[in-house]
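Asker: Have a look at the structure that comes next, please.
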Amino acid sequence: MGINSVAVVADLGESFGNYTIGDDGALLTLVTSSNIACGFHAGDPRIMDRTVADCVERGIELGAHPGYPDLVGFGRRLIEATEEEIRTDVLYQLGALDAFARVHGGTISHVAPHGRMGSIAQTDAKHARAITDAIAAYNTDYIVICQRGLLAEESRKRGLEVGYVFLADRGYGDDGMPVPRSHEGGLIYDPELIGERSAQVVREGTVRSVSGNVVPLGHDADVLLLHGDHPTVLANGTALRAALDAADIRVAGLREVLAEKAQVALAAG
């Protein structure tokens, strides 16, 4: 691993109209970066505007969190879409969030595909191509937050930097990848355990799987993700930050973490 710093990100702006999901105000005290819903799986123009403004005011990195057009399913269902539909849906959402970022004097740092769109893109070439084509066409400076797999590979083919994510509140299998939410242990409800696992993955690059084995993650943990709709997300975030502090792991924005790693790699030859 070699680097003792990590970004902490949460999914934000996932309310809609009169319906509130999560406590974004409290979460902003715990994170360095944001994944902001862009109106397709959650969020609306007023919420996007307010969330971006709050992040800019606090110096929180802005990230786009595009998903399927699936408000009813919160973007966690597979939508049968063509490659062109996926590409243009992602492009549309990037442009929408970027408009609010510009108005509030901010800059989008990264893109983290949401829910089923993001998970299937790790193994499905059509999704991986469509998502990265949209990002590369819009702004090649954007970092792609993902796990190992096709989305990371297609990102690098297009000259896009990758930030590897560890899902702090999700259970992992023996393959070092998250198990489905429906799987026993797929969601973790113990904040202290979430903190311990997060510190372990940053320090050692390993995670205890749902079967009890300690397995390698298979990549650096550049950023730790808290799901904003988790019922104990604030306790999770508080315990995570406490565990990182206890392990002397510095939290920083994702761009700063990746730049530090690049400098260390360059110095090592």
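The values are calculated or read from the model by the stated rules, or taken from the named source; none is laboratory data. All of these numbers come straight from a predicted model, not from anything done at the bench. Ideal geometry is used to build each Cβ from the backbone, glycine not excepted, and the neighbour counts take in all protein chains shown. Surface accessibility is based on the protein's heavy atoms, side chains included, excluding ligands, DNA and RNA. Shrake-Rupley method; radii C 1.70, N 1.55, O 1.52, S 1.80 Å.
Asker: Taking Cα centroids, how far is the stretch 209-243 from the stretch 33-106 in Å?
Answerer: Their Cα centres are 23 Å away from one another.
Asker: In the Gaussian network model of the chain, springs joining C-alpha atoms below 10 Å, which of 36, 249, 108 carries the largest mean-square fluctuation?
Answerer: Looking only at 36, 249, 108, the biggest GNM fluctuation is shown by 249.
Asker: Could you state how much accessible area residue 261 has, in square angstrom rounded to the nearest 10, with a 1.4 Å probe and all protein chains kept in place?
Answerer: Its heavy atoms expose roughly 30 Å² to the probe.
Asker: Which one, 236, 35, 18, has the greatest fluctuation when you compute a Gaussian network model over the chain with C-alpha springs under 10 angstrom?
Answerer: Checking each option, the largest mean-square fluctuation is seen for 18.
Asker: Report ³J(HN,Hα) in whole Hz for each residue of the stretch 155-160, in order, from the Karplus equation J = 6.51 cos²θ - 1.76 cosθ + 1.60 where θ = phi - 60°; Gly and Pro get x.
Answerer: So the J values, rounded to whole Hz, are 4, 5, 4, 9, x, 8.
Asker: Oh, and also: Output ³J(HN,Hα) for the stretch 34-48: one whole-Hz value per residue in order, computed from phi by the Karplus curve 6.51 cos²θ - 1.76 cosθ + 1.60 with θ = phi - 60°, and x for Gly and Pro.
Answerer: 10, 10, 9, 4, 10, x, 8, 8, 5, x, 8, x, 5, 5, 4
Asker: Let me ask something else. Whose amide H sits under 5 Å from the amide H of residue 61, counting only residues 5 or more places off or on another chain, with H placed in the peptide plane?
Answerer: Those qualifying (amide H under 5 Å, at least 5 residues apart or on another chain) are 33, 34.
Asker: Ok, one more. Per residue of the stretch 207-212, in order, report the coupling 6.51 cos²θ - 1.76 cosθ + 1.60 (Karplus, θ = phi - 60°) as ³J(HN,Hα) in whole Hz, putting x for Gly and Pro.
Answerer: Rounded to whole hertz, the list is 9, 7, 7, 5, 8, x.
Asker: Given the -39500 (n - 2.57) contribution per DSSP H run of 4+ residues, what per-residue ellipticity at 222 nm results for the chain, rounded to the nearest 500 deg cm²/dmol?
Answerer: -12500 deg cm²/dmol
Asker: Continuing with this model, one more query. Computing the accessible area with a 1.4 Å probe over protein heavy atoms, can you report the carbon and sulfur percentage for the chain?
Answerer: Here it works out to 52 percent.
Asker: Further, regarding this structure: Are there GluC sites (Glu not before Pro) in the stretch 169-260 that DSSP marks as loop and that have at most 16 other Cβ atoms within 10 Å, and which are they?
Answerer: Details: sites: 184, 192, 196, 204, 256, 260; in loops: 184.
When the GluC sites (Glu not before Pro) of the stretch 169-260 are filtered for loop state and at most 16 Cβ neighbours within 10 Å, 184 remain.
Asker: Using the Cβ atoms and a cut-off under 14 Å, what net charge is assigned to the surroundings of residue 76, where Lys and Arg are +1 and Asp and Glu are -1? Each step should come with its number before you reach the end.
Answerer: Working: positive: 77, 116, 170, 181; negative: 11, 14, 70, 229.
Charge balance in the 14 Å sphere: 0.
Asker: Another one. Using amide H atoms built in the peptide plane, which far-off residues or other-chain residues are under 5 Å from residue 163 H to H?
Answerer: HN-HN under 5 Å from residue 163: 144, 145, 146.
Asker: Take residue 175 and residue 50, extend 7 Å from each Cα along the Cα→Cβ direction, and tell me the distance between the two endpoints in nm.
Answerer: Each label point lies 7 Å from its Cα, and together they span 4.0 nm.
Asker: Hey, another quick one. Of 72, 210, 144, which is the most mobile in a GNM of the chain whose springs link Cα atoms less than 10 angstrom apart?
Answerer: Ranking 72, 210, 144 by mean-square fluctuation puts 72 first.
Asker: R0 = 22 Å: FRET efficiency of residue 260 with residue 107, Cβ-based, nearest 0.05?
Answerer: 0.65
Asker: Restricting attention to the stretch 27-114, which GluC sites (Glu not before Pro) occupy a DSSP loop and are surrounded by at most 16 other Cβ atoms within 10 Å? Don't skip to the answer; put the middle values down first.
Answerer: Numbers: sites: 57, 61, 80, 83, 84, 85; in loops: 80.
For GluC sites (Glu not before Pro) across the stretch 27-114 that sit outside H, G, I, E and B with at most 16 neighbouring Cβ atoms in 10 Å, the list reads 80.
Asker: Now for a different question. Could you tell me what a quarter of the Cα convex hull surface of the chain works out to, in nm² with one decimal place? Walk me through the intermediate numbers first.
Answerer: Values: hull surface 52.6 nm².
Approximately 13.1 nm², given one-decimal rounding.
Asker: Now for a different question. Could you provide, to the nearest whole Å², the per residue accessible area of the chain with probe 1.4 Å?
Answerer: Dividing the accessible area of the chain by its residue count gives 42 Å².
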